1. About its Cα centre, how strong a charge dipole does the range 23-164 have in debye, to the nearest 20, once Lys and Arg get +1 and Asp and Glu get -1 at the Cβ?
2. Please get the size of the charge dipole for the range 137-248, origin at its Cα centre, with Cβ charges of +1 on Lys and Arg and -1 on Asp and Glu, quoted in debye to the nearest 20.
3. Considering amide H positions built from the backbone, and no H for Pro or chain starts, which residues 5 or more places from H139, or on another chain, come under 5 Å of its amide H?
4. Restricting to bridges with both residues inside the chain, how much of the DSSP beta-bridge set is antiparallel, in percent to the nearest 5?
5. Considering only the other residues whose Cβ falls under 12 Å of the Cβ of E162, what net charge follows from Lys and Arg at +1 and Asp and Glu at -1?
6. Could you please report the charge total around K115, scoring K, R as +1 and D, E as -1 over all other residues with beta-carbon less than 10 angstrom from its beta-carbon?
7. Name the residue farthest towards the positive end of the dipole of the range 143-229 from the options Y153, A193, V178, assuming +1 on Cβ of Lys and Arg, -1 on Cβ of Asp and Glu, about the Cα centre.
8. Return the long-range amide H neighbours of T202 (sequence gap of 5 or more, or a different chain), with a cut-off of under 5 Å between placed amide H atoms.
Amino acid sequence: MKQALTVPKIKAMKQAGKPIAMLTAYDFPSAKLAEEAGVDIILVGDSLGNVVLGYDTTVPVTLEDMIYHTRSVVRGAPGTMIVTDMPFATYRLGPEETLRNAARLLREGGAHAVKMEGGADLAEEIRRLTAAGIPVIGHLGLTPQSVHTIGGYKVQGKDRHEAEKLLDDAKALEQAGVFGIVLELVTEPLAAAVTKSVGVPTIGIGAGRGCDGQVLVYHDLIRYGSGIRDKRFVKTYADVGETIRQAISAYVNDVKTLGFPEEKHGFPLDEASAKEMALASRLYGGENP
Ligand code: KIV
């Protein structure tokens, strides 16, 4: 069986200049396909709030949701590193509460590592987790859990002050002990500068070509779902949503026009068995034996 990559191996990929392919997955079949396709890291992202649970933001996603989805992902991809998002506010009540919550994602969910959105302000929490043996990935730039503060899903780090803060945050995360940093919706030059200035891999989404790896949301990559928005930073590799829609509408049409089921989809009963079951008259219109 394939072996999941370890934290030292992921860090070594940056030194070796080997790009890291990360993808989100939220359930058994998506995880299984991601593993079969060779992704390096599966992220059980709290984006599941948007693409699986139908919320407008990731804010309503709970720790229980993340544990539940992580479990099924782990069953689908036993040979892949699984990183699970700590949901909104579950790492903002101090290092001890953060450790308690992160430990549940590993112990009950089966994740190998957790991801948290934020910068230098999370240093204490990150130190507490790494000291307890819980690897952490940081997340800078557009941090969707703070959408109400940021005021929308906008590109970050566009002025000097913001760019310098992001660079300082990346260094602080590295010092605190993260083994990777997701950079979301950050200008390409800033993401490249951050990538050069830290020793841990950066994994970009909407952050251009200069990162050590890339991550996309599963449903965006294959256009799975209804009302998937076109996003500039997403490359769509298949239109699975349209394929599914067409398949379901063909099924509905078949049922309504008696095109399904056909004879081959049924299970016949031979006459002898039918007689033995004393069903012959009712089934075949014959006489009871
Ligand atoms: O929740 C998520 O899917 C994420 C990715 C967008 C990086 O955090």
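1. Details: 13 positive and 19 negative charges, 40 e Å.
Roughly 200 debye, rounded to the nearest 20.
2. The dipole of the range 137-248 has a size of about 240 debye.
3. Correct list: M116, G118, V182.
4. 5 percent
5. Combined, the nearby Lys, Arg, Asp and Glu give 0.
6. Net local charge, K115 excluded: -3.
7. So the residue furthest toward the plus end is Y153.
8. I181, D212, G213
Every number in this text was worked out from the coordinates using simple rules, so none of it is lab data. Only a predicted model underlies this, so the values are computations on that prediction, with no experimental measurement involved. Positions of Cβ are backbone-derived with ideal geometry, glycine not excepted, and every protein chain shown enters the neighbour counts.
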